[in-house]
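See below for the structure under consideration.
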Amino acid sequence: MAIFSAIGSAIAGALFTSAASIALATKVIAGVLAFGAQLGLSYLNRPKKRKYAAVQGETQYGGDVPVGTLFGAGKAKGQRSYYAKFGSGNKFNSEVFLLANGWCDGLEPYVYFYGKKHNLVARPIIGNEVAHYGVEGFVSDGAHFFSIRFYDGRPGQGVDQKLVNDTAALGQTWKATSVNAGICYVVVERRYSSSLFKNGKPDIEFVLRGLREYDPRKDSTVAGGSGPQRLNDPATWAHTKNPAVHRLNYQLGLRALVSGRTLIGEGKSLGQLDLGTYFASMNVCDSLRSDGKRRYECSLWVNGDDDHTEILKEFDDAMAGYGINRRGLSGVISGAPQIPVLEVTPADIPMERAKEVQYRKSAFERFNHLSGQFTSIEAMWNPESLKPVYVNADIAADGRNRQATNDFLQVTDPDIAQYLLNIRYRQNRKGGTATLPVSRRVGMRVQEGEWITWRGRTWMISEWAADERFRITLKLSETGADIYDDHNIDPGPIVIPPTPPVNPSLLSTIQNFNVEAGLVEGAEGYQVPALEFTWTPPDDPSIIAVRFFYQIEGTTELFEDQSTDPESGIHRTMKDVVSGVRYVARATITTVPDRLKTYTPWVTTDDPTGFFTSPYAGVIGFEQLGQDLKEYQDWIGSGLRDIEETLAELDARVADQEFGNSYERQQLREQLKVTYDTVTAEYERRVEVLAEADHALALRIESLSAEIFDPETGLPAVATAVSALKVEVEEVDGLVTAIADSVLELDSTVDRFSAEGKFRVTTEATPSGALARIGMSVAASGSGQTSSASIFLDAIAGGLSRVAINADQFVVIAGNDVRRPFVVQGGSIFANELFVNWAKITDVQIGWADIQDAVVNNLQVTNANIVNLTIGTEKLQISAITFGGVINGSYGGQATNGWYVMGELGADNPNPAPVMIDVAGSMNGQTPGQGSVQIEWRLINITTNDVIHQETLQIGTNGSASRNIERFRIGINNAQGWNVYEAQVRVTGAPIAVAASANCRFVLWKR
């Protein structure tokens, strides 16, 4: 608002007599809350040059670092200004870290490094330092390996004489004049120890109790004050976390010891500050809430380059308050209820002057969901989230969810931060504002920041102004004592301190390693053999990868793979994995930094790997089906986008004048839109026609949309319908192509649920062929789950036509016979009756079968209960077994000379029929000393020399192993007539004690 200084001075001269009174009256012409009492989105979303917080998180280097200091208490790494190595073999090193400018209170009794908290141990003073500490746990045989010497930055502090003496013989010394006057700093001295500092040089974070500050309430020379503090004597000042005290000291400024130049802050005098508001705000901050805690506390790192306005806002935010400029004096109004100073009545409002009243803010000025963070000491001074504040009734009233963020990183108490977040939310919801002309009786009795009542509401005066005729106008913002009520506010979040990292030296490899063999099914339905490695996820951040080494059992060729996600605990690989064999595997780790590593023991898969299979093996054309189905989905999903891209390309070519003047183009556009409150309905149509020498194009896009907000959730409910038609004929390099495209898309969304439907038809013709495609799809989603179905029809001139259906369940019903559907679900077909002329089936499971003719090359039946199986003209009954027999045998001893026969069985095979054999047994061995051994066991038909089954067991040096054998085998190549079967064992390698046994039961079927 303009200040009419000349006219104001004249008016002031008429009202006041003395020069001082005239000067004061001139300034009374206008006054305002410096940052506004109306808390809106513009305030919360104001841009910040940096994150203002209680943490200084990076070690600073160099000479161009701005001066900085700490109000309250916070964590800091400081500015490293000196480093030296000394002693025999450079056993010792020292660093100097400048923490803050000004006289600070002290260090908290703990520091952070190696990712965890370490307690400080008080040690005797050895020089000019204020305090001397060691670090708990870094003591060996009574010797401290840490020496932390603290200097608080008081005027006249002495030099660190030990550092001067230790570095006297070095090229770069610590001088006797290096007292760091007016700077709080630490000297960190470490003594080398490979066991204590095995994680490298510690990056220390200190927790500092910051500036000693002046509190005028405790100065008896100031009106209203009582106590020994004096503005010109820092020795009388005290440390505090009171935000109002911080603000006053920032406005006074931190000054250089010699020149008196302001280093940090505004450099004001006490006479430029509104001490009345400061006294009241300081008392409010120190008052106790219902939970017994102080109402407001904060801590903040500031530097000489900071914008004063931003720093003052951070202090204001920490006490839910507002800065104020009252009659030329700078002050602050803290967040607390006030007693209204008077009630404005109709008689106090001049009727001839206009007033402006708004009882509710616009939707764009309000928010109904406020979140934020604070600095958590429990989380090692890292940011943590507060509980969001929102009210469902406010969301419904606003018509939608309007979110905002207000961080309190200058606050370290979760309960205070949560209280502040609730206050800022409530302040925003008080929506009334008014510009009110008042009589001089009222105007001369009130000031900015005071509360009044008018029309049954409570208001804060956010601005006081007088024009050239000394007519007074007040700007009001609605307020109330309920804003600051703390009885219904939840306490802040409970933060669990982070778990210290595992000492990397404890883990040399992964734990509980295992390997399994199996099959992995790909997107096309193919199954390929794979290995799956599992282990216990390590709680060790230095492990960055797990490496696997594997080989086929009984071979020497080694393969390798790795997982770069150690925390997953599982890794599958198909790399160099083949079918039908067992694998052995072991693992190790990769670490940063590198250290000693070991391998896990070798582990063997329980079963052989599976065999490669394809669901479409041998069926012509099915290998490409998976890719075709993907192309179908891409095609129907991009229908509308393709037409919109055509429009965009057309507009771009016209804008770039690529057509020149050799084209004709016409356009038609229509739009209808209606809005009632927050309800909207809209219709839009666009038509384009274009003709040029070798190209003709016509397209039309129509869209409908409707939107309304759910009164329960405040979220929008939207329905849209879009249809598009495009026809295009083009000649390129003598080839003419004609394309027609039609797209229809429907979409409906309410809250987290949505549904869509798409329909597209495309036809294309060229001199060499033609194709047509129709596609339609539907999808519905909600709570993270999506259900979809689609149908595609394809026809290619001279080619294969196709109907493709993609759905969780496909159903065909004949007429009204709903009880006998044909169903495809999960890759399976369900039908009451199937009449098939010819079928080629890879695997089949039949409950009942009537087979007229059958040719079976290889039949394996584990369990069968066949009531009536017809095969040609011959029936095979359960009693048709022509032979049954058993081989029993065992072996115990050392290495064998060739194959040792454990047992033998002869059988007469009247026809070349298969023999079913149940193989059972065990193998075990032990190597008591050096050397290794291999045990081989097999079942062989010595008549045909066919090996029916074979097992191998490897045993390493000084080890033992065993294996049970349970297999079902079919001797396919058994010759007609007499056949002899033997169970044999062979042992090779070092002399050891081994044992093996076998039990083979035979069933011979006649044909």
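The values are calculated or read from the model by the stated rules, or taken from the named source; none is laboratory data. Keep in mind that this is a model prediction, so the values were computed, not measured. Cβ sites come from the backbone with ideal geometry, for glycine too, and all protein chains shown count toward neighbours. Note: accessible area is taken over every heavy atom of the protein model, side chains too, but ligands, DNA and RNA are not part of it. Shrake-Rupley method; radii C 1.70, N 1.55, O 1.52, S 1.80 Å.
Plainly put, the range 322-458 has a radius of gyration that is 1.06 times its Kirkwood radius, both from alpha-carbon atoms, as the Rg/Rh ratio.
Spin-label pair Val179-Ile494: with each label point 7 Å from Cα along the Cα-Cβ axis, the two points sit 5.2 nm from one another. Counting 0.36 nm for each residue step from Asn283 to Glu557 and taking away their Cα separation leaves a gain of 90.6 nm. Taking every C-alpha pair closer than 8 Å and separated by at least 6 residues, the mean separation divided by the residue count of the range 105-164 gives a relative contact order of 28 percent. For a paramagnetic label modelled at 7 Å from the Cα of Phe883 toward its Cβ, which residues of the range 924-954 fall within the zone defined by backbone nitrogen distances under 17 Å? Correct set: 939-949. Between Val446, Gln373, Thr405, the Cα set farthest toward the positive side of the dipole of the range 337-452 (charges on each charged residue's Cβ, about the Cα centre) is that of Val446.
Surface composition of the range 230-370: carbon and sulfur make up 52 percent of the accessible area, probe 1.4 Å.
Quote the relative contact order of the range 121-199 in percent (integer), defining contacts as alpha-carbon pairs under 8 Å separated by 6+ residues. Let's see the in-between values first.
Values: 122 pairs, mean separation 23.5, N = 79.
Taking the mean separation of contacting Cα pairs over the length of the range 121-199, I get 30 percent.
Taking amide H as placed 1.01 Å from N in the peptide plane, the amide H of Ala100 sits under 5 Å from that of Cys184, each at least 5 places away or on another chain. Amide H to amide H, with H built 1.01 Å from N, Arg595 comes under 5 Å of no residue 5 or more places away or on another chain. Report the FRET efficiency, 1/(1 + (r/R0)^6), for Leu647 and Tyr676, where r is their Cβ-Cβ distance and R0 is 30 Å, rounded to 0.05. Computed FRET efficiency for Leu647 and Tyr676 comes out at 0.45. Each part gets one Cα centre, and for the range 433-468 versus the range 931-979 those centres are 102 Å apart.
Computed on the Cα trace of the range 675-809, the radius of gyration divided by the Kirkwood hydrodynamic radius gives Rg/Rh = 1.10.
Think of the range 163-288 as having a plus end and a minus end, set by charges on the Cβ of Lys, Arg, Asp and Glu; of Trp237, Asn180, Pro216, Asn180 sits farthest toward the positive end of this dipole. Computed from point charges on the beta carbon alone (+1 for Lys and Arg, -1 for Asp and Glu), the dipole magnitude for the range 54-149 about its Cα centre is near 200 Debye.
Within 10 Å, count the other beta carbons around each residue, average over each peptide in 263-275, 795-807, and list them highest first.
263-275, 795-807
In sequence order, the range 542-554 has phi-based couplings of 7, 7, 9, 7, 10, 9, 10, 10, 9, 8, 5, 4, x Hz under the Karplus curve 6.51 cos²θ - 1.76 cosθ + 1.60, θ = phi - 60°, and Gly or Pro positions carry x.
When nucleic acids and ligands are ignored and a 1.4 Å probe is applied, Thr675 ends up with an accessible area of around 90 Å². In order along the range 368-383, the Karplus-derived 3J(HN,Hα) couplings, from 6.51 cos²θ - 1.76 cosθ + 1.60 at θ = phi - 60°, round to 10, 8, 10, 10, x, 10, 9, 8, 9, 5, 4, 8, 6, 6, 9, x Hz, and Gly and Pro are given as x.
For the range 342-374 versus the range 97-164, the spacing of their alpha-carbon centroids is 54 Å. Taken along the Cα-to-beta-carbon direction at a fixed 7 Å, the label points for Ser88 and Arg360 span 8.5 nm.
Taking the solvent-accessible surface of protein heavy atoms with a 1.4 Å probe, what is the per residue accessible area of the range 704-780 in Å²?
55 Å²
Which value, in debye to the nearest 20, gives the size of the charge dipole of the range 144-296 about its Cα centre, when Lys and Arg are +1 and Asp and Glu are -1 at the Cβ? Mind showing how you got there, number by number?
Numbers: 22 positive and 14 negative charges, 49 e Å.
With only Lys, Arg, Asp and Glu charged at Cβ, the dipole is about 240 debye.
The simple spin-label model puts a point 7 Å past each Cα toward its Cβ; for Asn165 and Ala691 those points are separated by 10.4 nm. Per residue, the range 889-984 exposes 48 Å² of solvent-accessible protein surface, assessed with a 1.4 angstrom probe and all protein chains in place.
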